[in-house]
Amino acid sequence: MQKPIIEFTNFNFQYRAQSNPTLIDINLIIHSGEKIIIAGPSGSGKSTLGYCINGLIPHYYKGNISGSLWIEGQNSENLKIFDISKYVGTVLQDSDGQFVAQTVGEDIAFALENDAIDQKEMISRVEKTSRLVDINSHLGSTPRELSGGQKQRVSLAGVLIDRVNILLFDEPLANLDPATGRYAMELIDDLAKNTGSTVIIIEHRLEDVLWRPMDRIVLMGEGKIIADTTPDKILASGLLGTYGIREPLYVTALKYAGIKITEQMHPSSISLMNMDTIKKPLQHWFEQTAETKILPQSNAVLSFSDVCFSYSADRVVLENINFNICEGEMTAIVGKNGAGKSTLCKLICGFEKPEKGTIELFGRDMVHTSIRERADFAGLVMQNPNQMISQVLIRDEVGLGLKLRDVPQNEISERVEATLRVCGLYSYRNWPISALSYGQKKRVTIASILVLEPQIILLDEPTAGQDLRHYTEIMEFLQTLQKRGKTILLITHDMHLILEYTQRAIVIADGKLICDNHPAKVLTDDSVIKPANLKETSLFSLAKSAAITDPFEFVKKFISFDREARQSCQQ
Amino acid sequence: MSAVKMLSYIKRDSPVHHLNGVTKLITFLAWTIVCMLSYDTRVLLAAMVLSIVIFRLAKIHLKEVGFVLAFIFFFLLLNDAAIYVFSPEEGVKIYGTRHLIFQISDRYTLTQEQLFYLFNVTLKYLTVVPIALLFLLTTDPSEFAASLTGIGVPYRISYAVSITLRYIADIQTDFHNISQAQQARGVDLSKKTGLKKRISGISIIAVPLIFSSLDRIDLISNAMDLRGFGKKEKRTWYRARPFQVMDYCVIGSVLFLSIIGLFITFSDGQRFFNPFLG
């Protein structure tokens, strides 16, 4: 058959600074032209496996290797990272950070420059490769002028230009909005078809990756390969949940309807699925299930009326924004990159002032309050915890805001301890922050805002880059805060989050508020999905395929059923 | 917003922008050396007029650099004040005469010589600052790196310079965001607070800035390794630009003017132009 292009045999790896091996007894063969997903929760070793393939191990990350790894018929022991970069092109998760050069053209040419290729040849090859990923009209643009999707295409062109056979993607969907993520998968698939490249995608968002057919899923857990088989078989096996990978939503819906998932059903794609056996039980479930009504709204704690904002006269960022946020709600703010979501956040916190219109917190116009005073009402948690943490010890970090407000020392200790208890960090209170995991650091930053007792907590992409376990941890924690009466506003790209946790979603597209409604509406209405770069939830597609009379109602019922199911699961 | 993006490359179509990066570097260095060595008012005035002319040629608007200029101006005045406080008779020492305007105390006198000396010091900075700003604002960082390598600087060093320039704007944005978030937590950097509190406030912003920048550096170095940076002794540049006739002309005239400037400065055996004699 095809020849193996990557071959791990009894491969083990242990990072120098760690006491246990990260990869244990890996045996994996990848054939030329295959499309493979490597899935697994954080700490499963999936990224480490990727580093072994692209040569960052052992070139950059040192450690002990045993067993063998062959790449393109050569023992990797004898290959330098530069040799490997001729075979394996890596597209990193953060396509902005990966953008090394000043402009698109230079960044695509980067590998050629390092190879000391003649300038003339470089220019023609950059032109050709940029055409392949449709970025050729932006060769002179700087990274700031590009959207997330465009930056990713630049990264892709940057590795394609070296005519590599193997394309390795490290969580390619993490920073993209849903529609752009879908487009990225289509692009990757088409490229693989046209160039015959082998594609390896490290990703835990299975449903999104499976938008285009993939050959195999390699499931990793605790450093070992748990399963290495077709997507259909994996979905039927039920292993995903055990290893902290989210199964596609429509698969969950089928399970709720009491349908047993089998390989023969082709569960990896709705369009390939045989609907005959599914239809009946699904329709039955739909008729049997009632939606729990959402509690009536309480009083508004935050309201925007006719708010406009722009950084300069020629670029209006927000236009006539109107909405109310009620006490104790969890609301998502969604929309494509650069649509004005972050600006909205800054307006709430008082970092920017509206040009027109009023922003009221608890019925008070906030125009004349300082940033600091406003923080007593609404606190912002930034996306990356490293952007907030400045102290060494957890208790100092959490108490910082109080100290700066000249609160007496004994009151600080009291409030910090109470907050740490709420956040489940009390037993760590004297730890250095550097010893914490990413999820725990995130929690420290939430605690450091919570301690100031704001009624409203704003979070910028609280779950970006998190696996299912950390995602659930963060979101469940936010939900407990919500139950204690806090109002929570989230900026997010994550459609699962909207569906699972929020009562409402506010959609911003091109500076306008285009929808303020139940999450089900946002995930099913084409006139919202398109302009905001969202995508239709697979539940809706499933309901339509199964000829359910009211697919929108189906999604709503699923949401309420799912919330109850998860709640009873926890108790 | 404009304050965020200050000090990074501004794309424009101007004769100054068209010059090679090396030409601009040489001009900047020569200019700085001459103006730092010379206290000759005639030379400094001529240089200042010339720098304003070049500034106009570069099509950089005053409002784009207003904040930086104000900032520098403030420190200049501070510098002048400090010179006066520590050495009120510096001018008298240098020029050898004393034209008293009025006397504040035994130690603090105001003399024409001192005023003239401070005027010259201020002038020095006023001539160098626009050129330094222009160098930063009109040099496309990548092209500059290519040119540096062209004159023999190892490419690893010149690329490091280029990448620093590439990330200045990003780090400024980070700074802006972090500073706002920390202000919300209570950091107060306004004049109302004492010096001690302000210093601790700055550290509360600086620490996260450093750590998030370190994350960034880790990522870039990985990305560069993965695409073969440092593989070969030599490297080519996608945006390399050969020297044009104009570049030779500019370098020639800059060197010529520098020599004249230095000659005028030192012709009387010292660095100061003395209007008080004879």
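The values are calculated or read from the model by the stated rules, or taken from the named source; none is laboratory data. Model, not experiment: these values are computed from the prediction. Using ideal geometry, Cβ is built from the backbone for each residue, glycine included, and neighbour counts are taken over all protein chains shown. SASA here: full protein model, heavy atoms, side chains in, ligands and nucleic acids out. Shrake-Rupley method; radii C 1.70, N 1.55, O 1.52, S 1.80 Å.
A:Lys255 - would you say it is under 29 Å from A:Ala543 (Cβ atoms), in a helix (DSSP H, G or I), open to solvent by 10 Å² or more (accessible area, probe 1.4 Å) and of a type in the set (D, E, K, R)? Yes: the conditions hold for A:Lys255.
Please pick out the residue among A:Ile412, A:Ile433, A:Ile446 that is modelled with pLDDT of 90 or more, of a type in the set (A, V, I, L, M, F, W, C) and more than 30 Å from A:Ser303 (Cβ to Cβ). Steps first, answer last, please.
Working: A:Ile433 fails: modelled with pLDDT of 90 or more; A:Ile446 fails: more than 30 Å from A:Ser303 (Cβ to Cβ).
Going through A:Ile412, A:Ile433, A:Ile446 in turn, the sole match is A:Ile412.
Would you be able to say whether some residue in the range B:148-155 is in a helix (DSSP H, G or I), in contact (Cβ under 8 Å) with a residue 60 or more places away in the chain, more than 11 Å from chain A (Cβ to nearest Cβ) and open to solvent by less than 50 Å² (accessible area, probe 1.4 Å)? Looking for residues that are in a helix (DSSP H, G or I), in contact (Cβ under 8 Å) with a residue 60 or more places away in the chain, more than 11 Å from chain A (Cβ to nearest Cβ) and open to solvent by less than 50 Å² (accessible area, probe 1.4 Å), one finds at least one in the range B:148-155, hence yes. Evaluating B:Asp247 against the criteria (1) on the phi < 0 side of the Ramachandran plot; (2) open to solvent by less than 30 Å² (accessible area, probe 1.4 Å); (3) at the interface with another protein chain (Cβ under 7 Å from one of its Cβ atoms) leaves one unmet condition, (3). Scanning the range A:80-122 for residues that are open to solvent by 30 Å² or more (accessible area, probe 1.4 Å), over 18 Å from A:Thr180 (Cβ atoms) and more than 7 Å from every other protein chain (Cβ to nearest Cβ) gives A:Lys80, A:Asp83, A:Lys86, A:Tyr87, A:Lys120, A:Glu121.
Residues in the range B:51-76 that are open to solvent by 50 Å² or more (accessible area, probe 1.4 Å), assigned to a helix (DSSP H, G or I) and without any contact (Cβ under 8 Å) to a residue 40 or more places away in the chain: B:Val53, B:Arg56, B:Leu62, B:Ala70, B:Phe71, B:Phe73, B:Phe74, B:Phe75.
Per the conditions (1) among the hydrophobic types (A, V, I, L, M, F, W, C); (2) in contact (Cβ under 8 Å) with a residue 60 or more places away in the chain; (3) open to solvent by less than 10 Å² (accessible area, probe 1.4 Å), the sole criterion not satisfied by A:Leu523 is (2). Note on the range A:191-234: residues that are polar (S, T, N, Q) and either surrounded by 19 or more Cβ atoms within 10 Å (Cβ to Cβ) or in a helix (DSSP H, G or I) (or both) amount to 4.
Entry remark, the range A:376-402: residues being open to solvent by 10 Å² or more (accessible area, probe 1.4 Å), more than 7 Å from chain B (Cβ to nearest Cβ) and not in a strand (DSSP E or B) number 7 in total.
Only one entry of A:Gly158, A:Gly149 meets the criterion of being at pLDDT below 90 and touching a helix residue (DSSP H, G or I) at 6+ places or on another chain (Cβ under 8 Å), and that entry is A:Gly149. The set of residues in the range A:416-433 being outside any helix (DSSP H, G or I), within 16 Å of A:Val392 (Cα to Cα) and open to solvent by less than 40 Å² (accessible area, probe 1.4 Å) consists of A:Leu425 alone.
Do we have any residue at all in the range A:368-375 that's in a loop (DSSP other than H, G, I, E, B), facing chain B (nearest Cβ under 10 Å) and of a type in the set (D, E, K, R)? Scanning the range A:368-375, I find no residue that is in a loop (DSSP other than H, G, I, E, B), facing chain B (nearest Cβ under 10 Å) and of a type in the set (D, E, K, R), so the answer is no. Please state which of the following conditions A:Asn274 fails to meet, knowing it meets all the rest: (1) closer than 22 Å to A:His496 by Cα; (2) open to solvent by 10 Å² or more (accessible area, probe 1.4 Å); (3) not in a helix (DSSP H, G or I). It is condition (1) that A:Asn274 fails. If the condition is being within 8 Å of chain A (Cβ to nearest Cβ), of a type in the set (S, T, N, Q) and either touching an Asp or Glu at 6+ places or on another chain (Cβ under 6 Å) or open to solvent by 30 Å² or more (accessible area, probe 1.4 Å) (or both), then the range B:221-244 contributes B:Ser221, B:Thr236. Taken over the range A:434-487, the residue count meeting the criterion of being within 14 Å of another protein chain (Cβ to nearest Cβ), of a type in the set (Gly, Ala, Ser) and open to solvent by less than 10 Å² (accessible area, probe 1.4 Å) is 2.
For A:Ile6, are the conditions met, namely being open to solvent by less than 40 Å² (accessible area, probe 1.4 Å) and in a strand (DSSP E or B)? Full working, then the answer.
Values: open to solvent by less than 40 Å² (accessible area, probe 1.4 Å): yes; in a strand (DSSP E or B): yes.
Criteria met by A:Ile6.
For the range B:33-44, which residues satisfy the criterion of being assigned to a helix (DSSP H, G or I) and surrounded by 15 or more Cβ atoms within 10 Å (Cβ to Cβ)? Those that are assigned to a helix (DSSP H, G or I) and surrounded by 15 or more Cβ atoms within 10 Å (Cβ to Cβ): B:Val34, B:Cys35, B:Leu37, B:Thr41, B:Val43, B:Leu44. Is it the case, given these coordinates, that A:Glu34 is away from chain B (no Cβ under 14 Å), touching a residue at least 60 places away in the same chain (Cβ under 8 Å), under 29 Å from A:Asp467 (Cα atoms) and open to solvent by 30 Å² or more (accessible area, probe 1.4 Å)? The answer is no for A:Glu34. Tell me, please, whether a residue that is closer than 29 Å to B:Thr149 by Cβ, aliphatic (A, V, I, L, M) and not in a helix (DSSP H, G or I) can be found in the range B:245-260. Within the range B:245-260, none of the residues are closer than 29 Å to B:Thr149 by Cβ, aliphatic (A, V, I, L, M) and not in a helix (DSSP H, G or I).
Is it the case that A:Gln455 is in contact (Cβ under 8 Å) with a residue 24 or more places away in the chain, more than 20 Å from the chain's Cα centre (by Cα), within 20 Å of A:Ala565 (Cβ to Cβ) and assigned by TED's automatic domain parsing to the domain that holds A:Arg415? Answer is no for this residue. Put simply, of B:Ser179, B:Ser212 the only residue that is of a type outside the set (Asp, Glu) and more than 7 Å from chain A (Cβ to nearest Cβ) is B:Ser179. Say whether the condition of being within 18 Å of A:Glu287 (Cβ to Cβ) and touching a helix residue (DSSP H, G or I) at 6+ places or on another chain (Cβ under 7 Å) is met by at least one residue in the range A:528-539. Within the range A:528-539, one or more residues are within 18 Å of A:Glu287 (Cβ to Cβ) and touching a helix residue (DSSP H, G or I) at 6+ places or on another chain (Cβ under 7 Å).
Would you point out the residue of the range B:260-278, among those that are of a type in the set (A, V, I, L, M) and touching a residue at least 24 places away in the same chain (Cβ under 8 Å), that is most open to solvent (accessible area, probe 1.4 Å)?
Of all residues in the range B:260-278, those of a type in the set (A, V, I, L, M) come to B:260, B:262, B:264, B:277.
From what is left, the residues that are touching a residue at least 24 places away in the same chain (Cβ under 8 Å) are B:262, B:264, B:277.
Working: B:Leu262: 50, B:Ile264: 62, B:Leu277: 115 Å².
Only one residue tops the list, namely B:Leu277.
Pick out the one residue from A:Ser47, A:Ser19 that is closer than 30 Å to B:Ala169 by Cβ, open to solvent by 10 Å² or more (accessible area, probe 1.4 Å) and of a type outside the set (D, E, K, R). Spell out how you get there, then give the answer.
Working: A:Ser19 fails: closer than 30 Å to B:Ala169 by Cβ.
Going through A:Ser47, A:Ser19 in turn, just one is closer than 30 Å to B:Ala169 by Cβ, open to solvent by 10 Å² or more (accessible area, probe 1.4 Å) and of a type outside the set (D, E, K, R): A:Ser47.
Take A:Ser268 and decide whether it is in contact (Cβ under 8 Å) with a residue 24 or more places away in the chain, surrounded by 15 or more Cβ atoms within 10 Å (Cβ to Cβ) and assigned to a loop (DSSP other than H, G, I, E, B). Write out each step before concluding.
Working: in contact (Cβ under 8 Å) with a residue 24 or more places away in the chain: yes; surrounded by 15 or more Cβ atoms within 10 Å (Cβ to Cβ): yes; assigned to a loop (DSSP other than H, G, I, E, B): yes.
So A:Ser268 fits the description; yes.
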